[in-house]
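Contents: one structure, followed by commentary.
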Amino acid sequence: MIIGSRIIAPEGFRGLKKGMVYYFLLSDSINNRVRFIQFGNSKSGVQAYLLTVSRVEFEEALEAGKLIEEKGSENYPPWLEPLQGISISELERRRVSKKKTYLEMVDSRYLAIAELVIRRKEILSAENPDAIINAHAKTQKPGQNAQRVRFWFYAYIVFGFDKWVLRPAFHNIGKWDREEKADITKFGRPSKWGKNHGFSVTSAMKPVILDGYIKYRSPSKTENEIYNEVITNEFGCISIMDKGCHSFIHPDGKPYPSFPQYVYWIEKLTEDKRAERERARKGQYKYKAKAGAEGSFAEHLFNLVQRVEFDGYNLVEKLSGITEGSIVDGFCVVRAVCGLSGAVVGIGFSHGKETMEAYKMCLFSMAINKKLFGELFGIKIEQSEWPCVGLSDNIVVDRGPAAGFPCKPEITWLGTFELPPTYSGQSKATVESSHPKKKKNLDQPTHFHSGLNFVEMAKREIFQVLKDNMSSDASDRMDEDLYFLGFTPTPLNIWKYYDEKGRTSAIDMNFDEAVRRFLTPHPASIKKDAVYFYGRKYRSIEIMGTGVFDRVARDGHIEVTAYAITMCVRHIWVELEGRLYQLNVVGKASARPGSSDICLQDLIKINEKRLEALALHREERRAVDQYYTDRFRENTGKDWNSGREKVGPAVKNAASQRDEADYLRYVGKKS
C-alpha cells in the first residue's frame, strides 16, 4: 500500500460507503489516525473530501477484510482518464486556442499550493487540515477559492506529487494573471517606526531569502552577519545613520524583509530540514555535541521508504563475452534499500564503473511493479516475492556520479536529496551492510572467469535481491509484535507487515512517466516492416494497429525516440504521437536460443559490425561483378552482354525457326 492506493469498503465501514473509491493519504502513528481522500463531482467541478478513521480501527478493518486495497489498476486521476498516456506536448499540439499553455495553467495552480506542499506533513497531521488550507487560500494574492485549493492540494499528493494532475480537464481554463500583485497593507506586528512601516514578505521575496541564506551561511558567521550579507548583496539595501540611529533602507524604495521576518521565513522554508539548517549554522561537531544520541537509522523511522539509501558495488567476476566467450570486465550494480525494513527496493546496472544511468534505472525499478520488471529481463517474479513498489521522497546517495542527479526536474516527487559526508560510511550503513560479501584471503591474487554473460549476470543479481530480501537477518529491525505473530526476521516479512498496515511513505508514478523520466533515450527509425533500433527489428500488436507502417511504406521512414534498459534490450519503448508503445524484439526461427537477451552495449557493437559488413559488401560487389565477367570472357571469348540492339520487336523468320528446331533436337526434345 502506498500514498494514493485505492481503498474500497465492500460492505461499508464507518463513514466509508459501499461502491465508492477512497484514496489512502496518511497513516499517522503519533495521532493514531488514518486519512483518506474521496473525489466527487459537483456543479462547480471535482471536489476533494477528507475522511478520517482511527489507525487501530483501520488496521483491524484491513485484517478483517472490511477494507480492501483495490489492485490491478494504475493510480490515475479519474477526471483525466481520457487523456491518460498522452504526453503534454501532444495535447498542446492538438489545441486550437493557445492563449495560455498547459504549463502556465499548471504552474499557476501549483503556485497556489506550493507553501502547503512544503508544510504537508504539518497540515496532514493537524486536527483540521481543511481549516488550514482554507485559511491559506484566503491569504493568496490574487484570491483563491478555498474548495479548489483543497482539491489541488489533495490531488497533487494523492497522485504521485505530479503537478500535471493539476491540469484542467477542459480547454482554456484559468486565464487569470498568476503574477502576484504588490501588497498595499503591512501585516504583522507594528514597527517602532510606525504601524505601516516596512513590507510584507511576498512570494517573490521568499526564494531570494532562502537562496541568500544558503549562499552566505557558514558555521563561522553569526545570524546577524548572514542577514547583513543577504539584505545588502541580494536585496540591494544600504545602511544609513539619521539622528544618531542606524537603519537599513533601499535606495529605490523596493521591499526587503526585516530581521524578524528573515528569521521566521528561514525557519518556515526549511522546517523539513531543521537538522540540516542547524548543522550548517553550528558546524558538524558542534551540532553533534548538542544533539542526543541518534542510534540506528531504523529507530527513527516509522514508515516504509521514509528514507531510502542508494549505493553501488562492482562485480569481482570477469564475465564471458556475448559472441566468443572471451574474458570481459564486469559491471556496477546499484541497489536501493529501505531504511525501515532493510529490503532492497530497487536495482540498476551500468557497464564498467558507476554511472548516473545505473541510479536512474534503479529509480525506474523502484517505481514499477516488480512482476513487470522481471518480465523485461525474461524472469518470472511473483508479486509476493518482491512486493516493493513506489518512490521515496527522501533518498541518500553516494558522493559519485549520483551527486549530479538533476533534482530540479524531479522536485515534483523528490523532497530530500542527501549526500553523505566524505569518509563517513556509517551515513549509509543500511545499504553498505546489505551488499553481497566475498570471502577474502591472503593467498596469491587470482581472478574468476564466470561462464555468464552480461545479461545472465544481471539476471543473477536480480535473483540475489530476492534471496537477500527473503534470507537476510533483520532481527534488529523487528518489533515485538512481529515476533508475537510468528514472523521470521527477514526484510521481506517486515515489509509485508508494515505494507498491510498502510505504514508507508511510497509515492506512486505511472509506468509511462517512469519510462520517460528514468530510462535513457536513443534514436530509432520506423520503416515499413518494423522499428529499427541499432539495426535490430522491434514490433508489437499495439503499434501495428496505429497504421504507422502503412504510412511509412508510402513516405520512407520516420525518426523517433526510443527508451531502453541498458542491460537488456529484449524490449524497448517508442513514443509516437504522444503515446508510449512497448515493442518486442523480432527474432528469427534460425536464431540461437537466448539471442534476444543481450545488453545495449553488445547491441551497439553488433550494429557497428553490421554497418562495417554492409560497407565492405558494397565495395566487394563491384569487384565480384567484374571478376566473373572477366572469367566468362576468358571461357567463351565473348563479352557478358555481347550482341547488338535492334529497332522493333523480334521477328521469327525461316532462319530462326531452323535454329530453334536444331536446339530442340540438341536437347532431345525433337527427333
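In region 85-128, which residues are β-branched (Val, Ile, Thr) and touching a helix residue (DSSP H, G or I) at 6+ places or on another chain (Cβ under 8 Å)?
Once the filter is applied, which keeps residues that are β-branched (Val, Ile, Thr) and touching a helix residue (DSSP H, G or I) at 6+ places or on another chain (Cβ under 8 Å), region 85-128 yields ILE88, THR101, VAL106, ILE113, VAL117, ILE118, ILE123.
Those residues that are closer than 21 Å to VAL165 by Cα and either touching a helix residue (DSSP H, G or I) at 6+ places or on another chain (Cβ under 7 Å) or in contact (Cβ under 8 Å) with a residue 60 or more places away in the chain (or both), I need them from region 1-36; list them, please.
Scanning region 1-36 gives MET1, ILE2, ILE3, GLY4, SER5, ARG6, ILE7, TYR23, PHE24, LEU25, LEU26, ARG35.
Somewhere in region 37-44, is a residue touching a residue at least 12 places away in the same chain (Cβ under 8 Å), assigned to a strand (DSSP E or B), touching a helix residue (DSSP H, G or I) at 6+ places or on another chain (Cβ under 9 Å) and on the phi > 0 side of the Ramachandran plot?
Within region 37-44, none of the residues are touching a residue at least 12 places away in the same chain (Cβ under 8 Å), assigned to a strand (DSSP E or B), touching a helix residue (DSSP H, G or I) at 6+ places or on another chain (Cβ under 9 Å) and on the phi > 0 side of the Ramachandran plot.
Just name the residue that is surrounded by the most Cβ atoms within 10 Å (Cβ to Cβ) out of those in region 329-371 that are at pLDDT below 85 and under 14 Å from LYS459 (Cα atoms).
PHE331
Within region 96-113, how many residues turn out to be closer than 21 Å to ASP272 by Cα and without any contact (Cβ under 8 Å) to a residue 24 or more places away in the chain?
Result for region 96-113: 0.
Report the residue count in region 615-645 for those that are modelled with pLDDT under 70 and part of a loop (DSSP other than H, G, I, E, B).
Residues in region 615-645 being modelled with pLDDT under 70 and part of a loop (DSSP other than H, G, I, E, B): 1 in total.
Return a yes/no flag: does region 4-22 have any residue that is open to solvent by less than 60 Å² (accessible area, probe 1.4 Å), in a helix (DSSP H, G or I) and not hydrophobic (A, V, I, L, M, F, W, C).
Looking through region 4-22, none of the residues is open to solvent by less than 60 Å² (accessible area, probe 1.4 Å), in a helix (DSSP H, G or I) and not hydrophobic (A, V, I, L, M, F, W, C).
Can we say ILE133 is open to solvent by less than 40 Å² (accessible area, probe 1.4 Å), closer than 20 Å to GLN38 by Cα and in contact with a Phe, Trp or Tyr (Cβ under 9 Å, 6 or more places away or on another chain)?
When the stated conditions are applied, ILE133 passes them.
List the helices (runs of 4 or more DSSP H) inside region 462-524, counting only whole elements, that have at least 3 residues being buried (at least 17 other Cβ atoms within 10 Å of the Cβ).
By residue number, 491-500, 511-518.
Quick test for you: out of ALA61, ALA48, pick the one residue that is more than 19 Å from ALA506 (Cα to Cα), outside any helix (DSSP H, G or I) and either among the acidic types (Asp, Glu) or open to solvent by less than 20 Å² (accessible area, probe 1.4 Å) (or both).
ALA48
Tally up the residues in region 198-253 that are of a type in the set (Lys, Arg), assigned to a loop (DSSP other than H, G, I, E, B) and under 27 Å from GLU278 (Cβ atoms), please.
The total comes to 2.
Return yes or no: is MET366 part of a helix (DSSP H, G or I), within 19 Å of ARG570 (Cβ to Cβ), in contact (Cβ under 8 Å) with a residue 24 or more places away in the chain and touching a Ser or Thr at 6+ places or on another chain (Cβ under 9 Å)?
When the stated conditions are applied, MET366 does not pass them.
Considering each residue of region 537-557, count those that are over 12 Å from TYR581 (Cα atoms), among the small types (Gly, Ala, Ser) and not in a helix (DSSP H, G or I), and give that number.
2
In region 226-248, which residues are closer than 22 Å to ASP211 by Cβ, aliphatic (A, V, I, L, M) and open to solvent by 40 Å² or more (accessible area, probe 1.4 Å)?
Scanning region 226-248 gives a single hit, ILE238.
So which pairs qualify, if the first residue must be in region 475-495 and of a type in the set (A, V, I, L, M), the second must be open to solvent by 80 Å² or more (accessible area, probe 1.4 Å), the Cβ gap must be under 6 Å, and the two must be at least 6 apart or on different chains?
Close Cβ pairs satisfying both conditions: LEU492/MET470.
The values are calculated or read from the model by the stated rules, or taken from the named source; none is laboratory data. Just so we're clear, the structure is a prediction, and the values are computed from it rather than from any experiment. Every residue, glycine among them, receives a Cβ derived from its backbone with ideal geometry; neighbour counts consider all protein chains shown. SASA here: full protein model, heavy atoms, side chains in, ligands and nucleic acids out. Shrake-Rupley method; radii C 1.70, N 1.55, O 1.52, S 1.80 Å.
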